[in-house]
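Here the structure is laid out as structure tokens; the discussion comes afterwards.
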Amino acid sequence: MDSAAAAAAAKRVQIEKAHNFMRQYRDPESRELKKLSANQFMDVWAHYDKDGNGYIEGTELDGFLREFVSSANVTDISPEAVTDTMLEELKSCFMEAYDDNQDGKIDIRELAQLLPMEENFLLLFRFDNPLESSVEFMKIWREYDTDNSGYIEADELKNFLRDLLKEAKKINDVSEDKLIEYTDTMLQVFDANKDGRLQLSEMAKLLPVKENFLCRQVFKGATKLTKEDIEKVFSLYDRDNSGTIENEELKGFLKDLLELVKKDDYDAQDLAAFEETIMRGVGRDKHGKISRKELTMILLTLAKISPDDEQ
């Protein structure tokens, strides 16, 4: 191919990319989606998550679905060829299939189930059994924050991803260069404040917990808290059945409480300050443990706070 032909081909790809971003990832003959590399997947995510909030939702989701469907056509039709009626039907089917947590938007883990990717990179998104609670999350955090900096730096994240691949018995399929690429891509995806490391709230998106039990309506004053409710919460965090919530159990409980206030942006320093406040509030700021009685006091206080007063 001469230089003029190459330039024309490049221009054609640029025009096509601008017209329909997903079209470049389909085979020109079969129209099947090609297998995406880690970097290509990142490009797709960044293109459609235009506000960078970690979700494809609203008009972003509409745009993605229109382009995803229209890109499958042999002829280069406009995404607008997908009518509003077709879009609503498509969205209903799509969300039923891929919106696992039924929040009406697509997160990066859900998108990873839709797009064909390098098998090993996809494994990093596939936690078939989400963590049972934030207690397990805090244990993992302690294990990989080896320098106790309060952040997961690039080398620590690489160790975490290496161990995930080992567990999946795929580590021998991944070179060191590839592992570095995966680490860099994961940082690009989850490092919301772009400081080159993961804080608590960012790592929590990479390694999600099945449910923040404290988000349930029963703790928002809608219904009266029962002894059974208190016992459920206590047993959820008292993983070693010692009769008190302590160490990673306590930090997991406080992380869940903190999420009710700080939502999507909190770090280890926020957690430490919050722990000091809570422990002082229950009158026990020295022993670093919470009893059933103290947990009851915290939950009853939480139940009295209306959603508008949470801040």
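Contact map, the range 49-62: residues that are of a type in the set (D, E, K, R) paired with residues that are open to solvent by 60 Å² or more (accessible area, probe 1.4 Å) and at pLDDT 90 or above, Cβ distance under 8 Å, separation 6+ or inter-chain. Pairs shown: E60/K50. Before we move on, is R31 at pLDDT 85 or above, assigned to a helix (DSSP H, G or I) and surrounded by 12 or more Cβ atoms within 10 Å (Cβ to Cβ)? It is false that R31 is at pLDDT 85 or above, assigned to a helix (DSSP H, G or I) and surrounded by 12 or more Cβ atoms within 10 Å (Cβ to Cβ). Taken together, E80, E67, E89 contain a single residue that is in contact with a Pro (Cβ under 8 Å, 6 or more places away or on another chain) and either acidic (D, E) or modelled with pLDDT of 85 or more (or both), which is E67. Of the residues making up the range 179-194, those that are open to solvent by less than 60 Å² (accessible area, probe 1.4 Å), farther than 17 Å from W141 by Cα and more than 15 Å from the chain's Cα centre (by Cα) are L179, E181, Y182. The set of residues from the range 20-45 being more than 18 Å from E118 (Cα to Cα) and either in contact (Cβ under 8 Å) with a residue 60 or more places away in the chain or of a type in the set (G, A, S) (or both) comprises just one member, S30. With respect to the conditions (1) open to solvent by less than 90 Å² (accessible area, probe 1.4 Å); (2) over 13 Å from L198 (Cα atoms), S149 lacks only one, and its number is (2).
The values are calculated or read from the model by the stated rules, or taken from the named source; none is laboratory data. As the structure is a computational prediction, the values presented were derived from the model and not from experiment. For neighbour counting, all protein chains shown are included, and Cβ atoms are generated from backbone atoms with ideal geometry for every residue, glycine included. All accessible areas refer to the heavy atoms of the entire protein, side chains included, with ligands and DNA or RNA removed. Shrake-Rupley method; radii C 1.70, N 1.55, O 1.52, S 1.80 Å.
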